[in-house]
Amino acid sequence: MKRVALITGGSRGIGYGVAECLAKSGFDLAINGVRPEALVTEPLNRLRELGAEVIYCPGDIASQADRGGILAEIKRHFRRLNVLINNAGVAPKERRDILEATEESFQHVLATNLQGAYFLTQAAANWMIEQKKTSTAFAGCIINVSSVSATVASVNRGEYCVAKAGLSMATQLFAARLGEFDIPVYEVRPGIIQTDMTAGVTAKYDTLIANGLCVQKRWGLPDDVGRAVASLARGDFPYSTGQVIMVDGGMTLPRL
């Protein structure tokens with residue numbers, strides 16, 4: 001029986017790169033997003049062409065009701081969940097200096113990037129524990145896709161940095177709590193990745209990368225993140241719960 005992975009924000013960008021790598025690794029997929037299914041037919045069909053059974057679970061992970069609906073649909077269709085990938089995230093609607101940023105923006109970003117992921121993890125973890133108690137052969141894990149912004153300060157988008165730092169701690173908390181059930185929890189921390197979210201700052205980062213921002217002088221690609229996530233999901237690092245996998249081309253490597 002193929003393992004099932006839920007990928008939030010899985011129809012584009014990093015999430016789609018993750019979905020593609022998991023499909024190639026033999027997983028069936030539940031793809032979550034906020035767009036209507038009619039608008040994501042093309043990427044879903046591409047994943048099916050790779051051999052995965054794919055369902056679409058629309059919903060806003062910032063909403064408790066939507067989170068429940070997402071998991072209920074997976075239970076109805078697949079009756080199991082092996083891997084949760086918390087990937088969905090939003091950027092501040094407007095980048096503003098932390099001396100001027102609004103509470104509204106802070107709450108908007110944290111509701112999705114931290115609170116939503118935190119409580120989706122809680123619900124998925126409890127379901128995984130139930131599955132583990134039913135079958136000792138059950139294999140599950142949780143993977144949080146964070147960002148170098150968890151430790152690299154950007155004063156014009158402080159709410160994003162705070163959310164990612166919180167998600168990093170959530171990784172450690174759930175890793176510690178789920179250890180007794182042999183359900184590892186990991187964090188994958190991307191750097192500058194070429195997606196629609198970074199399209200507006202392409203020129204800025206082209207220059208920074210050319211001038212040595214990263215050891216590897218190129219943009220990261222969704223596939224770079226996807227390969228790391230797939231390796232963790234397959235169980236290639238079974239004794240590394242709570243650890244951070246950097247996918248940043250050496251951006252955060254200390255250098256003189």
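If you scan segment 47-81, which residues turn out to be polar (S, T, N, Q) and part of a loop (DSSP other than H, G, I, E, B)? Talk me through it step by step, then tell me what you get.
Here is the first cut: in segment 47-81, the ones polar (S, T, N, Q) are 63-64.
The answer is SER63, and nothing else.
Answer with yes or no whether ILE245 is without any contact (Cβ under 8 Å) to a residue 60 or more places away in the chain, under 13 Å from the mean Cα position of the chain (by Cα) and closer than 23 Å to ALA153 by Cβ. Walk me through it before giving the result.
Values: without any contact (Cβ under 8 Å) to a residue 60 or more places away in the chain: yes; under 13 Å from the mean Cα position of the chain (by Cα): yes; closer than 23 Å to ALA153 by Cβ: yes.
Judged against the criteria, ILE245 is a match.
Find the residue count for segment 135-153, including only residues that are crowded, with 18+ Cβ neighbours inside 10 Å and under 25 Å from ILE192 (Cα atoms).
Here is the first cut: in segment 135-153, the residues crowded, with 18+ Cβ neighbours inside 10 Å are 138-150.
So of that shortlist, the ones also under 25 Å from ILE192 (Cα atoms) come out as 142-150.
The qualifying residues number 9.
Going by the structure shown, is LEU71 touching a strand residue (DSSP E or B) at 6+ places or on another chain (Cβ under 9 Å) and either among the acidic types (Asp, Glu) or under 29 Å from GLY140 (Cα atoms) (or both)?
yes
For GLN122, are the conditions met, namely being under 23 Å from LEU22 (Cα atoms), in contact with a Ser or Thr (Cβ under 9 Å, 6 or more places away or on another chain), surrounded by fewer than 19 Cβ atoms within 10 Å (Cβ to Cβ) and free of Cβ contacts under 8 Å to residues at least 60 places away in the same chain? I'd like the intermediate steps shown before the answer.
Numbers: under 23 Å from LEU22 (Cα atoms): yes; in contact with a Ser or Thr (Cβ under 9 Å, 6 or more places away or on another chain): no; surrounded by fewer than 19 Cβ atoms within 10 Å (Cβ to Cβ): yes; free of Cβ contacts under 8 Å to residues at least 60 places away in the same chain: yes.
No, not satisfied.
Check segment 156-165 and report whether any residue there is free of Cβ contacts under 8 Å to residues at least 40 places away in the same chain, buried (at least 17 other Cβ atoms within 10 Å of the Cβ) and not small (Gly, Ala, Ser).
yes
Here, each number is a calculation from the coordinates, and none is a lab measurement. Quick caveat: nothing in here was measured; it's all calculated off a predicted structure. Here Cβ is always computed from backbone atoms with ideal geometry, including for glycine, and neighbour counts include all displayed protein chains.
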